[in-house]
Amino acid sequence: MDKVTVSVAMASYNGEKYITEQLESILAQTYPAHEIIISDDASQDETLNILDRFQKKYSNIRLYKNTQTTGLNNNFERVVRKCKGHVIALCDQDNIWEPNKLEKMISRLKNHILIYSDSLIVNSDNKPIKRLSESKKYKFTCAVTPKEFYFYNAVFGHNTLFQRDLLKDALPFPKDGLNYDGWLPFVASCVGTIDYLDEPLVRYRLHSGNLTHPALEKEGPITPKEPKWQRKQRYNHKLLNRLEVFATCRKLDPAERHFLSQFIAEIKKQDHVYFNPNFLFIMLLNFSKLLHHKKTLKSVIKSFSMATGVKFYHTLRRR
């Protein structure tokens, strides 16, 4: 393989506690990064002072400073637009890379548009908890169809590396409704192939300040549980927002776009019906793709649950 140049893209914000450890793990890679591009989102702590020191010491680090906070997606969009390497490795500010992360991912990338790996979950003190793949919440996929991302995504930004050409179809990032690391793999599944490396190459740190994924242990008072109809409605609306973002992808093929439009139309009915047989029919015909992360029986049960409208749960509440 010809020498592949790697751009590491980091978006930072008030990351003084862990960002030094993250940067040191990038600089220690067995396959060195051509450039480390950092966009800081107007941090108010010592983050900028730390980054300034690194930039002065290492010539491959370039730091850009936002004058005001722009938000996660905007900041990551800004940083990836600055990248010049053949491939881009996304990077959080609070994790630790294994020394051979880039080497192993690049050797596996080949003609895939995007590759991602397993991660080792650690606590705030870098003590191992378990691998992401050992959690029931996450099941990894090579995404042979965009439908595999409709309900579910286990591709995190911190464990992703992709061909820079993907940005031609992925930019601009969504302004709301979906994080950048939910958008990138969906677009990748529309324009190329995705591969998964079943090895933890990142120590994914869980702590109270996580921006995109909360810590395992939640703190604070217990809030009353929402009524079933409210939870059902909120879930449907969140799913609808997600799918409407996917529908803006310019590279959806006509058949997938038609299916997605029908799917969205049926979800929009769910607030106003007791049961939606059309929705159930669609789910049962496609559950192996839409609900690939569940076993068959659970997929069928989920399909019936999804097809049950909010009005049905309103009726239960009145009894």
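The values are calculated or read from the model by the stated rules, or taken from the named source; none is laboratory data. Treat the numbers as computed from the prediction; the structure is a model and nothing was measured. Don't worry about glycine lacking a Cβ; one is built from the backbone with ideal geometry, like all the others, and counts go over all protein chains shown. Areas reflect the complete protein model, heavy atoms only, side chains present, ligands, DNA and RNA absent. Shrake-Rupley method; radii C 1.70, N 1.55, O 1.52, S 1.80 Å.
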Find which of 247, 312, 182 sits farthest along the positive direction of the dipole of the chain, computed with +1 on the beta-carbon of Lys and Arg, -1 on that of Asp and Glu, about the Cα centre.
312
When only Cα pairs under 8 Å and 6 or more residues apart are kept, what is the percent relative contact order across the chain?
17
Skipping prolines and chain starts, which residues have an amide H placed within reach, meaning under 5 Å, of the one on residue 195, given they are 5 or more residues away or on another chain?
114, 115, 116
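Just list whichever of 56/110; 110/136; 238/311; 168/268 have alpha carbons separated by over 28 Å in the model shown.
Violating the 28 Å Cα-Cα cut-off are 56/110; 110/136; 168/268.
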Would you mind working out the magnitude of the charge dipole of the chain relative to its Cα centre, with +1 at each Lys and Arg C-beta and -1 at each Asp and Glu C-beta, to the nearest 20 Debye?
1460
Just the number, please: carbon plus sulfur as a percent of the accessible area of the chain, 1.4 Å probe, no ligands or DNA/RNA counted.
51
Cross-link partners among lysines for residue 127, C-alpha distance below 20 Å, same-chain residues fewer than 8 apart left out?
17, 101, 218
The set of residues whose placed amide H lies less than 5 Å from the amide H of residue 98, leaving out same-chain residues fewer than 5 positions away, is 202, 203
Kindly identify the range 104-155 as rounded, prolate or oblate by the Cα gyration tensor criterion: order the square roots of the eigenvalues as a ≥ b ≥ c, call it rounded if a/c is under 1.5, otherwise compare a/b with b/c, prolate if a/b is larger, else oblate.
oblate
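What does the accessible area per residue of the range 10-166 come to in Å², with a 1.4 Å probe and no ligands, DNA or RNA counted? Intermediate results must be reported in sequence, preceding the final value.
Details: 6830 Å² over 157 residues.
Value for the range 10-166: 44 Å² per residue.
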Among the DSSP beta bridges whose two residues both lie in the chain, what percent are antiparallel, rounded to the nearest 5?
30
Using the charge dipole of the chain (Lys, Arg: +1 at Cβ; Asp, Glu: -1 at Cβ; taken about the Cα centre), state which of 192, 12, 284 has its Cα farthest towards the positive end.
284
Less than 17 Å apart at the alpha-carbon level, and either on another chain or at least 8 residues along: which aspartates and glutamates does that give for residue 139?
118, 148, 181, 195, 198, 199
Answer label for percent of Cα pairs over 34 Å apart (calculated), chosen among (i) 28; (ii) 19; (iii) 22
(i)
For residue 60 and residue 207, compute 0.36 nm times the residue count separating them, minus their Cα-Cα distance, and round to one decimal in nm.
50.0 nm
With DNA, RNA and ligands ignored, accessible area of residue 127 (1.4 Å probe; Å², nearest 10):
120
Residue by residue through the range 136-141, which ³J(HN,Hα) values in whole Hz follow from phi under the Karplus form 6.51 cos²θ - 1.76 cosθ + 1.60 (θ = phi - 60°), with glycine and proline marked x?
5, 6, 10, 10, 8, 9
Amide hydrogen neighbours beyond the local backbone of residue 91, cut-off 5 Å, H modeled:
9, 11
Among 269, 57, 251, which one shows the highest mean-square fluctuation when the chain is modelled as a Gaussian network with alpha-carbon springs under 10 Å?
57
